[in-house]
Amino acid sequence: MTAPDTRSLEHRMGDWARARLPFAVAELVMFVLKQGWACLFGGLLLAAIITSKLVWQPGWPLHRYDALFLFAIATQALFLWTKLETWEEARVILLFHLTGTAMEWFKVDAGSWAYPEAGVFKLMGVPLFSGFMYAAVGSYMARVIRVFDMAFAPYPRFALTVLMALAIYVNFFAHHFLPDIRLALFVATVALYARTRIWFRIHDRHWWMPLPLAAALSALALWVAENIGTATGTWIYSGQAPGQMVSFAKLGSWYLLLYVAFVTVTLVSRSALSSRPLDFGATAEDLARS
């Protein structure tokens, strides 16, 4: 049995929109649909969290956290079988999965948040499905670069981006014992990526967005997802009352963590990085020559 041709599905969606809608509307519709396609893993996991909360019964032999863990494994296997993700992408997503799980263990132990439900696949207070939430971010990053044929230009020195990502990751741990330097890290992200444009192609025309703006918008989407997670009681932040929204401070945390995810994914997507600016009408061939 062969895997389904998912790229042909993307092409058919685009042909359908362009045949029926004005150019600007078709571009917007396809942008939204492609974004949804890129974050499919995260969307499915979020849907599973909501659905399981609505239907799960206390007396069932399988814990909800364990069902989410099994669902996440099955979804990841399906993505690889259907080639929605490549094995190369899966390896770097696994790295982000592991670094995210390590952060979960530390943060739960420090009392930053908690997972109140029981589970067999739960280690050091952290259900193992939680690592897939970080993997979903990595999956989105890898897939959105591919789906939109993205280019990042002019891109800063790669070594500097790695150092900044490491500083952000370390600060998530170190601020419990040392002064929190996140304000300096916010400034550093803008200073380092201020000139970097994300070029993306919806059909045959390239558009661009400043990278820090894209990170801020993505952080907002993740903050909304966090509110769904706490509203369903899947995890609870320290001091958060029932029905209370997640603190806006978490927007900043996700904004910074997105840079860690992005740099991790670029370990296998270096071809999308260009040290030189690209013209508005740049093509993939222009990027390859840069």
Query raised in the report: Only one of (1) in contact (Cβ under 8 Å) with a residue 40 or more places away in the chain; (2) on the phi < 0 side of the Ramachandran plot fails for ALA67. Which number is that?
Result: (1)
Query - Enumerated helices (runs of 4 or more DSSP H) restricted to region 36-122, each holding at least 1 residues that are farther than 30 Å from ILE168 by Cβ - result: 40-55, 64-81
Query raised in the report: Out of curiosity, is THR234 crowded, with 19+ Cβ neighbours inside 10 Å, within 30 Å of LYS53 (Cβ to Cβ) and of a type in the set (S, T, N, Q)?
Result: yes
Report task. Considering each of ARG195, ARG201, ARG182, ARG157 in turn, give the residue that is modelled with pLDDT under 90 and farther than 27 Å from ALA72 by Cβ. Result -> ARG201
Report summary line: Checked LEU94, LEU44 against criteria (within 12 Å of MET133 (Cα to Cα), out of contact with any Leu (no Cβ under 8 Å at 6 or more places or on another chain), surrounded by fewer than 18 Cβ atoms within 10 Å (Cβ to Cβ) and at pLDDT 90 or above); the one match is LEU44
**Report entry** For GLY252: the one exception among (1) touching a Phe, Trp or Tyr at 6+ places or on another chain (Cβ under 9 Å); (2) closer than 25 Å to VAL32 by Cβ; (3) not polar (S, T, N, Q)
**Finding:** (2)
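Of all residues being charged (D, E, K, R) and in contact (Cβ under 8 Å) with a residue 24 or more places away in the chain in region 185-231, which is surrounded by the fewest Cβ atoms within 10 Å (Cβ to Cβ)? Just the residue, please.
If we take residues in region 185-231 being charged (D, E, K, R) and in contact (Cβ under 8 Å) with a residue 24 or more places away in the chain, then ARG205 is surrounded by the fewest Cβ atoms within 10 Å (Cβ to Cβ).
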Query raised in the report: Checking PHE177 against (1) surrounded by 14 or more Cβ atoms within 10 Å (Cβ to Cβ); (2) over 20 Å from the mean Cα position of the chain (by Cα), which single condition isn't satisfied?
Result: (1)
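The values are calculated or read from the model by the stated rules, or taken from the named source; none is laboratory data. This is a predicted model, so every value here is computed, not measured. Because the Cβ atoms are built from the backbone with ideal geometry, glycine has one as well, and the counts that use them run over all protein chains shown.
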